[in-house]
Amino acid sequence: MSPPVLSDLGYVPPDGGWGWAVVFGASISIGFAFTFPKAFTIYFKEIQAVFSVSYSQIAWTTSIMCATTYGGGPISSILVNRYGSRPVVMFGGLLCGVGMVSAAFCTSILQLYVCVGFITGFGLALNLQPSVIIVGKYFLKRRPIANGLAMAGSPVMLCTLAPLNQFLFENFGWRGSFLILGAILLHCCVAGALFRPIGARTALVKTPVTEEGNDALKGKITEDGPMENRTEEEEGKDCFEKINQYLDFSLFKHRGFLIYLIGNVLMFLGFFAPIVFLAPYAKHTGIDEYSAAFLLSILAVVDMVARPATGIIANSRWVRPRIQYFFSFAIAFNGACHLLCPLASSYTGLIVYSSFFGLAFGMVCAMLFETLMDLVGAARFTSAVGLVTIAECCTILLGPPIGGILIDTFGDYKYMFIKCGAVMVLAGTFLFIMNYYNYRMLAKEEKERKRKEEDPKSVRTEDEGKKNWNKDSTQDGPELEPLREKGERVKKEMNGTVEV
């Protein structure tokens, strides 16, 4: 049996086993991180009346929560690199619970900003990144499938939290609901407990390897957990060097990472706004409130199926080597759906749009982090996801307000959908072209590297030079004869006391 191919992690991920329990825990944490800000909006009207504030003021609660969730990405990545995924997620779940329980006792909107926006938002940040990171440490061959299943937790949680929040609000009010939601968010601690650290000991036990492969693994593996031997090395380093030790800023020199970053920052300008305005657009066309809300349910159900299905397709031998093209197509397909949305004037047309939108949205979400991991590798993914989320934070916040401005300016929702569609088609086209360029450059660089390795001319010249030097240095010439005779006399004199 040939030795296993080492990943850039330094070991062979098990691609199963306990990894499926990790995927289950990740789906819970990711589901809460992506869904909770959306499901929280059901309490807006009651809180607005209690605190006597405007709708825009109460809407800042979810905006701050989303900004903190994405803006806390680098801090989350540093903590994961320092302590591992398990303690970070468990601490994040504790913060979420504390934030929501504290919010139940708030007496002003500013206190709500702090408790729900900052404390709960930062707790969700500590749930999102580590959950995505740990999946990449357990899977390699089946990683797209695992990522698709983990990301499927978001639509599942959306279908669960929306009716649950309505039930809690009707029976316990918003303060009682916040107390119960705080207890529910503590389940993130249970999900984090499933994130068992993986490294040399676990990988070697579960992966059968040959003696050569075992030696290679032992030489290269680093444990996913606290780095206790770094204390002495960190002494004498300035603040920037210590941060760079846990957050790899050299990624900004990585061509593939920069392409992904630019394309995704552009994409998020039109990614979330159509979800926010889908139900209001349906009401604007004369559809009743219940039927308008049902469109989001259709979108969530299709999204739920699309994510794992996309993971299976992306894991196939035809798509996996060129997954960046598949991701670019998914983004452009998403944009095309939004461009065609204004043509859906009837409820049947909106159902068709919601179905295709759910499919396209699920495709993008299933590959959102898989494509980044494919570009930078699992070892550098921890730093990469933190740097990407902080950059995406601005456009995520700007997307819905820009859409709202277009609606207020023209008095029609179709311009918002056209804007979002055009931006996403542009982002998909940019990623497709630049990934084609990146693949060409990588193939050219690999060909050049192999040419240098296989070129025998330089190697032969170097070997001949060494042989000639050795031959000249060991050749017996007349001028070396006196020195050789002197050396032999010295050896004979020492032979009586020292063994030669």
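Enumerate the calculated ³J(HN,Hα) couplings along the range 390-405 in order (Karplus 6.51 cos²θ - 1.76 cosθ + 1.60, θ = phi - 60°), each rounded to whole Hz, writing x wherever the residue is Gly or Pro.
Rounded to whole hertz, the list is 5, 6, 6, 4, 5, 6, 5, 6, 7, x, x, x, 5, x, x, 5.
What FRET efficiency would be calculated for the residue pair Ser297, Lys452, taking the C-beta separation as r and a Förster radius of 56 Å, to the nearest 0.05?
On the way: r = 58 Å, r/R0 = 1.04.
Computed FRET efficiency for Ser297 and Lys452: 0.45.
Cα gyration tensor of the range 71-162, axes a ≥ b ≥ c as square roots of the eigenvalues: rounded (a/c below 1.5), prolate (a/b > b/c) or oblate? Working shown, then result.
Values: a/c = 3.06, a/b = 1.65, b/c = 1.86.
Because a/c hits 1.5 or more and a/b fails to exceed b/c, the range 71-162 counts as oblate.
Let me spell out the model: positive unit charges on the Cβ of Lys and Arg, negative unit charges on the Cβ of Asp and Glu, origin at the Cα centre of the range 306-402. What dipole size does that give, in debye rounded to 20? Please report the intermediate quantities before stating the final value.
Values: 5 positive and 3 negative charges, 52 e Å.
So the dipole magnitude of the range 306-402 works out to roughly 260 debye.
Of Lys253/Lys452; Lys141/Lys419; Lys38/Lys137; Lys38/Lys419; Lys141/Lys444, which ones are farther than 27 Å apart at the Cα? Spell out each step's value before the answer.
Numbers: Lys253/Lys452 24 Å; Lys141/Lys419 38 Å; Lys38/Lys137 29 Å; Lys38/Lys419 22 Å; Lys141/Lys444 25 Å.
Going by Cα-Cα distance, Lys141/Lys419; Lys38/Lys137 fall outside the 27 Å limit.
Step through the residues of the range 161-174 one at a time and calculate ³J(HN,Hα) from phi using the Karplus curve (6.51 cos²θ - 1.76 cosθ + 1.60, θ = phi - 60°), rounding each to whole Hz and writing x for Gly and Pro.
The phi angles translate into 5, 4, x, 5, 5, 5, 5, 5, 5, 5, 9, 10, x, 6 Hz.
Just by accessible area at a 1.4 angstrom probe, what is the order of Asp412, Asp288, Asp303 from largest to smallest?
Values: Asp412 45, Asp288 85, Asp303 5 Å².
Output order, biggest surface exposure first: Asp288, Asp412, Asp303.
Output ³J(HN,Hα) for the range 37-48: one whole-Hz value per residue in order, computed from phi by the Karplus curve 6.51 cos²θ - 1.76 cosθ + 1.60 with θ = phi - 60°, and x for Gly and Pro.
x, 6, 6, 6, 5, 5, 8, 4, 4, 5, 5, 4
If packing is taken as the average number of other Cβ atoms within 10 Å across a peptide's residues, how do 120-133, 375-388, 181-194, 358-371 rank, most packed first? Provide the component values of the computation, followed by the final result.
Values: 120-133: 29.3, 375-388: 22.5, 181-194: 20.0, 358-371: 25.3.
In descending order of packing, they fall as 120-133, 358-371, 375-388, 181-194.
The values are calculated or read from the model by the stated rules, or taken from the named source; none is laboratory data. These figures come from a predicted structure and were not determined experimentally. Don't worry about glycine lacking a Cβ; one is built from the backbone with ideal geometry, like all the others, and counts go over all protein chains shown. We work out accessible area using only protein heavy atoms, side chains counted, and drop any ligands, DNA or RNA first. Shrake-Rupley method; radii C 1.70, N 1.55, O 1.52, S 1.80 Å.
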